[in-house]
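Nothing in this text is a laboratory measurement; each read-out follows from the coordinates by a stated rule. Quick caveat: nothing in here was measured; it's all calculated off a predicted structure. Don't worry about glycine lacking a Cβ; one is built from the backbone with ideal geometry, like all the others, and counts go over all protein chains shown.
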Amino acid sequence: MNILLLGSGGREHALALKMRESSLLSKLYIAPGNAGTISVGTNLDIDINNFNIIKENCLKLNIEMIVVGPEAPLVNGIHDFIKEDNELKHIGVVGPKKLGATLEGSKDFSKIFMEKHNIPTAKYKSFTKENLQEGYKFLETLSPPFVLKADGLAAGKGVLILDKLSNAKEELKDMLCNSKFGEASTTVVIEEFLKGIELSVFVLTDGTNYKILPSAKDYKRIGEGDTGLNTGGMGAISPVPFADKDFLDKVEERVIKPTINGFKKDNIDYKGFIFIGLMNMNGDPFVIEYNVRMGDPETEVVIPRLKSDLVDLFLGVVNGDLDKKELIISDEIATTIMAVSGGYPEAYDKNIVITGLENITGSTVYHAGTKQVNGEVLTNGGRVLSVTSMGNSIEETLEKSYKNLGEINYKGKYYRKDIGQDLIKNNI
Ligand code: AMP
Ligand code: GLY
């Protein structure tokens, strides 16, 4: 089978490598891909939000399945586009249709969905500039810190957590009246602050049957000790030591089952990954957010632990018989450390030569913001590459990844040296 994988991050390199292990895969195309995916398949230099170009390539390359990595094409309706086109509708798509993708595309929509299906989440209300004064009043009923969320996609920057009521009111006004996050903050969700430990759980579903993938914890801030600006993620660990069986059973009963049943009740045709961001509050799960794709860098620790055939699981997703497929997960621990460009998540340089990749032993390097030019690997983004290691303890895996990160060189290389230390020190 010929597969087209959309995306260009570490997530896509990890998905591509795992799919490459399958005997069901013939040709793999990655659009646009990166310097890492070149050795796994064929990169296509196309805009993944231009569906007509995708159509042309699907017909030309005899594509039978599309796996969608990032959220944007899903929110823009790639799955609907494929199914509504007579020449393309035979192609299986891993990733929800536009309505399902709204769970990530609109925080207000996802809160309404959770409320309707009794899925535990923070109490909330949504506001527009027409009812700004009511927003102020609602803020006055809450205790600090105050959580303000732009309703739409804001490149991971649309959530503000503020200690002071006066600041929260100012920011609410800025979001609603001055378009602080552009269109995305036309509506703002204000919600109760949840205090606990965060983790993510990943589910693969065909809309009826589901498989629960390993849990993971990521490290979002740029600075050590979880300080500084938010990033796409600076490292990840799977499994999450504090997500024991009792907790994960609660996640399945209280969150996963009502989510899948909710899809049925609301006629949401959902085939693909669900990324559930959770807060563990004294042993009880609360949903912080849904994403309609895998996380990055969470994929770089979840997918390497998969022993089953990923392409076969994807066939289960598109054909609706995921219950017939087997999910086997390695007991080993996986950790990944993300190396970024100096300056990220603010301005940074690109096109810097990366050397030393050939010296890696005992770890896997997943390329993210890289490109290959005349045989050289150059930086091409803020998050450059992540180094994943597997083993029997967090310490052992970190040691391998940090040793290998020392072998890789490029000007401005930065990575956090404290990934996993909170789990090791606090024994959680
Ligand atoms: P989101 O984009 O919804 O994942 O929010 C970004 C981050 O803000 C989350 O990963 C949490 O760390 C934090 N956050 C979001 N909502 C809440 C909440 N209700 N209580 C506490 N922290 C939150
Ligand atoms: N690492 C968080 C995300 O992929 O959204």
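Among 211-217, 4-10, 309-315, 340-346, sorting by the average number of other beta carbon atoms lying within 10 angstrom of each residue, highest first, gives 4-10, 211-217, 309-315, 340-346. How many angstrom separate the Cα center of segment 160-199 from the Cα center of segment 353-428? What the calculation gives is 34 Å, centre to centre.
The 3J(HN,Hα) values that the Karplus relation (6.51, -1.76, 1.60; θ = phi - 60°) gives for segment 138-143 are, in residue order, 5, 4, 5, 7, 9, 9 Hz. Gly and Pro appear as x. Computing FRET efficiency as 1/(1 + (r/R0)^6) for ASN57 and GLU183, where r is the C-beta to C-beta distance and R0 is 30 Å, gives about 0.55. Rounded to 0.05, the FRET efficiency of the PHE242 and GLU87 pair, given R0 = 41 Å and the Cβ-Cβ distance, is 0.25. Arranged from fewest to most other beta-carbon atoms within 10 Å of their beta carbon, HIS90, HIS367, HIS13, HIS117 become HIS90, HIS117, HIS367, HIS13. Normalised by the number of residues in the chain, the average gap of Cα pairs under 8 Å and 6 or more apart makes the relative contact order 17 percent. Taking K and R as +1 and D and E as -1, what net charge do the other residues with C-beta under 13 Å from the C-beta of ARG293 add up to? That sum, taken over residues with Cβ under 13 Å, equals -4. Take every Cα pair under 8 Å whose residues are at least 6 apart in sequence, average their separation, divide by the length of segment 62-118, and the relative contact order is 36 percent. Listed values for segment 70-83 are Karplus-derived 3J(HN,Hα) couplings in whole Hz (6.51 cos²θ - 1.76 cosθ + 1.60, θ = phi - 60°), namely x, 6, 4, x, 5, 5, 7, x, 4, 5, 4, 4, 5, 6, and x replaces Gly and Pro.
Normalising the Debye intensity of the chain to I(0), with uniform scatterers on Cα atoms only, and taking log10 at q = 0.06, 0.11 Å⁻¹ returns -0.24, -0.85.
In terms of distances greater than 30 angstrom between alpha carbons, the cross-link table entries LYS180/LYS350; LYS129/LYS164; LYS83/LYS264; LYS307/LYS411; LYS157/LYS217 yield LYS307/LYS411. Among beta bridges identified by DSSP and lying wholly in the chain, the antiparallel ones come to about 80 percent.
Computed on segment 54-158, with alpha-carbon pairs under 8 angstrom and 6+ residues apart, the relative contact order is 21 percent.
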